[in-house]
Amino acid sequence: RLFKRGSTNYLKDVICPIINSLNFESVTVMDSHSNVLEACLNNFEKEDNLELVEFALSSINPGKQFNLIVVDAGASKRCDLLAQQLSKEYDINLIQCHKKRDTKTGQIEKLEVYSNDLQNLPCIIIDDIADGAASFIYCVQELQKIQNYKNSFLVVSHGIFSKGFSELSKYFEGIYCTNSYSDNFMPGLK
């Protein structure tokens, strides 16, 4: 990611060259956040998040229909693919959102949800990574304003949860993630 205009792309210019220098026969990445990674990592192999999503859905038990919340443009491709993969078993309403951030601070200025009725169906947000998870909280706050809102669940492949769970638990009935990020890096986070 470029942190300042004209600066180094840390993934492309630092991380991938280090991994590439090790000459692995293959490098498998689960639910990668960036297409840059796929382009810059030698012998890249992609693993999707379908197994995690299926596990979460079996725990959530949404019935045969639910709202799949596409929290921003970056999640669109991922959610479209998931909807296709799950379409034999579920009737999925894709609910697109649009997020606008302040270009200087990165803070969310506005999040629009393109739906006026959530049909009393569970809202399931599926994304690749949750750090502080402010985007997801903001999204649920907007969903709660829409007619026939029922409840929300969060499914992320890589859960950092740097701000903990106390605020998240106010908005989500369940949070599902893999163990791809160890809490050993953040002592005290449970």
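The values are calculated or read from the model by the stated rules, or taken from the named source; none is laboratory data. Note that the coordinates shown come from a computational prediction; the quantities given were computed from them, not determined experimentally. Please note: Cβ atoms are built from the backbone with ideal geometry, for glycine as well, and neighbour counts cover all protein chains shown. These accessible areas exclude ligands, DNA and RNA; they are computed on the full protein's heavy atoms, side chains included. Shrake-Rupley method; radii C 1.70, N 1.55, O 1.52, S 1.80 Å.
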Subject >> Isolated Cys residues of the chain, judged by Cβ distance under 4.7 Å to other cysteines >> reply: C79, C97, C123, C139, C177
Original post:
Rg(Cα) of segment 71-136 divided by 2.2 N^0.38 Å?
Top reply: 1.23
Subject >> Apportionment of accessible area to carbon and sulfur, the chain, percent (1.4 Å) >> reply: 49
Subject >> For segment 1-155, convex hull of alpha carbons as volume per residue, Å³ >> reply: 122
Original post:
Over all Cα pairs of segment 76-190, how is the pair count split among 10 Å bins, expressed in % and running from 0 up to the last occupied bin?
Top reply: 12, 41, 36, 11, 0
**OP:** Counting only heavy atoms of the protein chains, get the accessible area per residue of the chain (1.4 Å probe) and round it to a whole Å² value.
**Re:** 60
Subject >> Contour excess over end-to-end distance, with Cα ends at D128 and S21 and 0.36 nm allotted per residue >> reply: 35.9 nm
Original post:
What's the local net charge at L121, with K and R +1, D and E -1, over the other residues with C-beta under 11 Å away?
Top reply: 0
Subject >> Check: segment 44-190 dipole with +1 on Lys, Arg Cβ and -1 on Asp, Glu Cβ, in debye >> reply: 420
**OP:** Sort the following peptides by mean Cβ neighbour count (other Cβ atoms within 10 Å, averaged over residues), highest first: 99-106, 35-42, 71-78, 15-22.
**Re:** 71-78, 35-42, 15-22, 99-106
Original post:
Taking segment 9-82 as the region of interest, what is the percent of Cα-Cα pairs per 10 angstrom bin, listed from the shortest bin to the one with the maximum distance?
Top reply: 16, 39, 26, 15, 4
Subject >> Among A39, L94, Y10 the positive-end extreme of the charge dipole of segment 1-140 (Cβ point charges) >> reply: Y10
